[in-house]
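Report on one structure; see the data block that follows.
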Amino acid sequence: MAGAASAGSTKGAGLLKPGLVVAVLIVLGLFVPSVLKSTFYLGLLVNAITLGIAALAIGFLAHQSGLMMFGAAAFTGSATYLFAIAVTRFGWNAMTAAVFTLVAATLLSAVIGMLVVRARPLPFAMLTLALAQMLRSMVMITDFRPITGGDDGLALNFSGTFFGLTQAQLSKPEGFWPVAWLALCGVMLLAWAVGRSRTGSVLRAIRANEERMRFSGFNTYLPRVLAFTLSGFIAAVSGLLTGLYTAFASPELLDFATGGNGLVSTLIGGVSTVAGPVLGALLYVIGQDQFGATGHLELLTGLGVVLVIVAFPEGIMGFIRNAMARLFKRGAAAGAKEGSGHAAR
């Protein structure tokens, strides 16, 4: 019993330091607007966070289940529309509409997940893409125009506050930053915790060999539905942030190109860690800004993505992770060799 108590305290002490570092980073992140005075570059960071959360939804599902979501726009865009409809049609305040959006989008993800997670990776990707295109066509139907706004979209003018922030404050990068930053930190911690849990281990084992897991007595269906639902929830957070920040919902939010931005960000950053898609989104947004100034946005973006994928097959974060692992391994081997030399003398 004493040994078990000692092991538990050692484990708790081991988790305390990383937890403290994360808490400090979260708090320091809130002061970014005080350091970065440029509204333009702060706006770029806000866009990177919104895109990074969408990319995290794609990367989480890909890493845990081996399923790549081509139609992530179906979940980000639908969340923006749900928020817009709750505000414009139901007349709800911002906080009530936000809660409704996340609950409804999560339930929608669960229902869709029950239907599509049995599919193989390629059909699964095509099904999610078809869903996004179907929703895009739906919001543009003339009969639904009073609700969805049709081609013109929906401009929002919501009442009340969102965690004490008015619509005017949320429309500015410096006012919206705490909401975006805390949302990013929250979904990253959620994805990390699920990945480290028993559910995450089961999901990765299913990804590696589903048939063996089934023969071993594991339910391979429900964990995948859970992963898909969580991915849809994370994507809905991105869509909700878009609605709060831009106060506008348009059919382009459901287009493949919009979801493709998150997909490309995921490929750039890598899916092996929760930070990979977020890093990829940051680099993608910065690259789009720099490439756009040259007048050759599509050409340079395509070349850049190809070069990154060829040079870093596991993404930039995967490369960094592997490089650090090799470095620590060499250091440990050198230490062991030096220790054996001292012992021999």
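Looking only at residues in segment 194-209 that are in contact with a helix residue (DSSP H, G or I) (Cβ under 8 Å, 6 or more places away or on another chain) and charged (D, E, K, R), the one that is surrounded by the fewest Cβ atoms within 10 Å (Cβ to Cβ) is Arg204.
Per the listing Gly260, Gly232, the residue uniquely within 14 Å of the chain's Cα centre (by Cα) and crowded, with 18+ Cβ neighbours inside 10 Å is Gly232.
Which of the residues that make up segment 27-57 are at pLDDT below 95 and of a type in the set (S, T, N, Q)? Passing the criteria: Ser34, Ser38, Thr39.
Test Ser265 against the stated conditions and say whether it is within 15 Å of Met69 (Cα to Cα), among the polar types (S, T, N, Q) and surrounded by 15 or more Cβ atoms within 10 Å (Cβ to Cβ). Yes; evaluated as a whole, the condition is true for this residue. Is it fair to say Leu135 is in a helix (DSSP H, G or I), open to solvent by 60 Å² or more (accessible area, probe 1.4 Å) and in contact with a Ser or Thr (Cβ under 8 Å, 6 or more places away or on another chain)? The answer is no for Leu135. Set side by side, the residues Gly160, Gly150, Gly164, Gly217 differ, and just one is over 21 Å from Ile58 (Cβ atoms), at pLDDT below 95 and open to solvent by less than 10 Å² (accessible area, probe 1.4 Å), which is Gly150.
Specify the residue that is nearest to Ala23 (Cα to Cα); the eligible residues are those in segment 167-180 that are in a helix (DSSP H, G or I) and open to solvent by 50 Å² or more (accessible area, probe 1.4 Å). It comes out as Glu174. Taken together, the residues in segment 241-250 that are crowded, with 21+ Cβ neighbours inside 10 Å and part of a helix (DSSP H, G or I) amount to 5.
So that you can scan it fast, the table gives a plain yes or no per residue for (1) at negative phi; (2) surrounded by fewer than 24 Cβ atoms within 10 Å (Cβ to Cβ); (3) part of a helix (DSSP H, G or I):
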| position | (1), (2), (3) |
| --- | --- |
| Pro277 | yes, no, yes |
| Tyr284 | yes, no, yes |
| Thr294 | yes, yes, no |
| Leu307 | yes, yes, yes |
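Answer yes or no as to whether Arg212 is closer than 30 Å to Leu45 by Cα and either open to solvent by 30 Å² or more (accessible area, probe 1.4 Å) or without any contact (Cβ under 8 Å) to a residue 40 or more places away in the chain (or both). No, not satisfied.
Counting only helices (runs of 4 or more DSSP H) wholly contained in segment 13-94, the ones carrying 2 or more residues that are of a type in the set (Ser, Thr, Tyr) and open to solvent by less than 60 Å² (accessible area, probe 1.4 Å) occupy 39-65, 73-88. Checking each residue in segment 95-129 for being in contact with a helix residue (DSSP H, G or I) (Cβ under 9 Å, 6 or more places away or on another chain) and open to solvent by less than 10 Å² (accessible area, probe 1.4 Å) picks out Ala97, Ala98, Thr101, Ala105, Ser109, Gly113, Val117, Phe124, Thr128.
The values are calculated or read from the model by the stated rules, or taken from the named source; none is laboratory data. What you see is a predicted model, and the numbers here were worked out from it, not measured in a lab. Heads up, the Cβs are rebuilt from the backbone with ideal geometry, glycines too, and the neighbour counts pull from every protein chain shown. We work out accessible area using only protein heavy atoms, side chains counted, and drop any ligands, DNA or RNA first. Shrake-Rupley method; radii C 1.70, N 1.55, O 1.52, S 1.80 Å.
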